[in-house]
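Here is the structure we will look at.
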Ligand SMILES: Cc1cc2nc3c(=O)[nH]c(=O)nc-3n(C[C@H](O)[C@H](O)[C@H](O)COP(=O)(O)OP(=O)(O)OC[C@H]3O[C@@H](n4cnc5c(N)ncnc54)[C@H](O)[C@@H]3O)c2cc1C
């Protein structure tokens, strides 16, 4: 009899894990609450505009490609992407503007001019970022921290010998202030803390490895939009025989003698039990413990760990186009420290937010009517703690319109012809992400990597993958998570 594996949730990590388990010889069923797959990586099409609802920045495409390689299938049959020449357009409140080239030497030359820092300091910072990534990724991002073998590897010994150079106990902001003089450059690099939903004033300086991914390895655009990443994996999984049950919420994971035996679902009003040898939860870890494992005590650290930031997103159909904008655009706040204090300490929206605008129609013109643009306008937000989101949303819309109108020199409100808004409550409602956190738990605590849910649970045959489990959120880490989980499960 072929062994059965059930994956709860068809987010990017659930899809990737299903493909890996299928390859290992399991009969895999993915059970997804929503009528669609992709989880946070969903899409909205209205009035000629197409919006990617969730992730907008695509790095490390090789992690997606590896799943096609695993199944000996040409990637081009399902998925295509291109490298970006320009990483991002950055705007500051004083009207200054920096276009970040994807070519490192060109970036160094232009950044030296713009920020007034020496090329040597900039190059050394980027080299250091690459070194930190090379030292830590094989342990913290690609292996299970709960597996004793991780600690016996030469990679771990190398990292231990180099502990001093990793700046673990410095904050990212302090690290940048020690290196750079220019406040704008410090803000530029501090922003990378938000790639895992953390504050640069709290998270460890080890996060200075993140720029390496964007600035050396590059940023990419999937030619059919971000949504096509998940859809290509869904199509491949179906073609390889993975079975999908959509519109099917899992109500419970059945556990007997501390071993997962399957799940409980409702079909046409009747409870059904699906047996399995392995259960993998791609659903949020807090949701999994609280709702799906009612007789198991949720571990204290899962309850107590601070959640990552969330987001407030305005999807705007814009009836004109802006030549000063690109695919990725950042409009910085005046006072970054206050902005993060408001988000993480006061748990409210920032008075003066940093605004991110993603415009996929710059790369894929069919995402908006001719001469128009599809704006994904996002500000960092605290995880949902019962704030008055209706009030906050209205005020934030006015702030964003005022700020962008000032910076772009036209009244933006005149050009918004379509609007949809997603707040932390909506994010939780759509995907069960606890408090609407974008990346599971935050990395504000230097011990965060060790406190995050490990991929193998203390319950036999129950595993976790996805943004709230090890090694964390964001597409690349979710894909690592799926691999770590599948590697822990024996092949048949
Ligand atoms: C607005 C936004 C912007 C982002 N920007 C970026 C970015 O630019 N780059 C980047 O890399 N990352 C970004 N992220 C983060 C990234 O989207 C996530 O880390 C990643 O998509 C999470 O994938 P996942 O597989 O962990 O889970 P999810 O996508 O959360 O999927 C979990 C799935 O489980 C299902 N589920 C939950 N409970 C049950 C149940 N009881 N029964 C059945 N199914 C269930 C859910 O419906 C969902 O489909 C962003 C996220 C958001 C929301």
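The values are calculated or read from the model by the stated rules, or taken from the named source; none is laboratory data. Quick caveat: nothing in here was measured; it's all calculated off a predicted structure. Here the Cβ positions follow ideal geometry from the backbone for every residue, glycine too, while neighbour counts run over all protein chains shown.
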Q.
Scan region 403-417 and tell me whether some residue there is closer than 29 Å to residue 250 by Cβ and either within 12 Å of the ligand (Cβ to nearest atom) or at pLDDT 95 or above (or both).
A. no
(Q) So residue 316 ticks every box in (1) under 23 Å from the mean Cα position of the chain (by Cα); (2) away from the ligand (no atom under 12 Å from the Cβ); (3) assigned by TED's automatic domain parsing to the domain that holds residue 474 but one. Which box is left unticked? (A) (3)
Q: Among the candidates 50, 33, single out the residue that is modelled with pLDDT of 95 or more and over 23 Å from residue 470 (Cα atoms).
A: 50
(Q) Within region 382-390, does at least one residue satisfy the condition of being surrounded by 21 or more Cβ atoms within 10 Å (Cβ to Cβ) and closer than 26 Å to residue 182 by Cβ? (A) no
Q) Hey, does region 150-171 have a residue that's modelled with pLDDT of 95 or more, part of a helix (DSSP H, G or I) and either more than 24 Å from the chain's Cα centre (by Cα) or within 16 Å of the ligand (Cβ to nearest atom) (or both)? A) no
Q | Selection count where residues are in a helix (DSSP H, G or I) and either over 14 Å from the mean Cα position of the chain (by Cα) or near the ligand (Cβ under 9 Å from one of its atoms) (or both), scope region 480-492 | A | 8
(Q) Quick test of your reading of the structure: residue 237 fulfils all but one of (1) farther than 30 Å from residue 340 by Cβ; (2) part of a strand (DSSP E or B); (3) touching a helix residue (DSSP H, G or I) at 6+ places or on another chain (Cβ under 7 Å). Name the failing condition by number. (A) (2)
Q: Please go through region 305-331 and pick out each residue that is part of a loop (DSSP other than H, G, I, E, B), at pLDDT 95 or above and crowded, with 22+ Cβ neighbours inside 10 Å.
A: 308, 309
Q. Among (1) surrounded by fewer than 19 Cβ atoms within 10 Å (Cβ to Cβ); (2) assigned to a strand (DSSP E or B), where does residue 73 come up short?
A. (2)
**Q.** Among (1) within 14 Å of the ligand (Cβ to nearest atom); (2) over 20 Å from residue 438 (Cα atoms) - the single one residue 290 does not satisfy
**A.** (2)
**Q.** Matching option when the condition is assigned to a strand (DSSP E or B) and surrounded by fewer than 21 Cβ atoms within 10 Å (Cβ to Cβ), among 290, 264, 334
**A.** 264
Q.
Just to be sure I understand, how many residues within region 218-262 are within 16 Å of the ligand (Cβ to nearest atom) and either over 23 Å from residue 489 (Cβ atoms) or outside the structural domain of residue 284 (by TED's automatic domain parsing) (or both)?
A. 16
Q) Out of curiosity, is residue 211 within 16 Å of the ligand (Cβ to nearest atom), within 30 Å of residue 100 (Cβ to Cβ), in contact with a helix residue (DSSP H, G or I) (Cβ under 7 Å, 6 or more places away or on another chain) and touching a residue at least 60 places away in the same chain (Cβ under 8 Å)? A) yes
Q: Could you please find all residues in region 263-287 being at pLDDT 95 or above, within 13 Å of the ligand (Cβ to nearest atom) and in contact with a strand residue (DSSP E or B) (Cβ under 8 Å, 6 or more places away or on another chain)?
A: 263, 264, 265, 274, 279, 280, 281, 282, 283, 285
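Okay, residues lined up against (1) within 10 Å of the ligand (Cβ to nearest atom); (2) touching a strand residue (DSSP E or B) at 6+ places or on another chain (Cβ under 9 Å); (3) farther than 20 Å from residue 385 by Cα:
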residue: 421; (1), (2), (3): no, yes, no
residue: 433; (1), (2), (3): yes, yes, no
residue: 436; (1), (2), (3): yes, yes, no
residue: 443; (1), (2), (3): no, yes, no
residue: 452; (1), (2), (3): no, yes, yes
residue: 456; (1), (2), (3): no, yes, yes
residue: 459; (1), (2), (3): no, yes, yes
residue: 471; (1), (2), (3): no, no, yes
residue: 474; (1), (2), (3): yes, no, yes
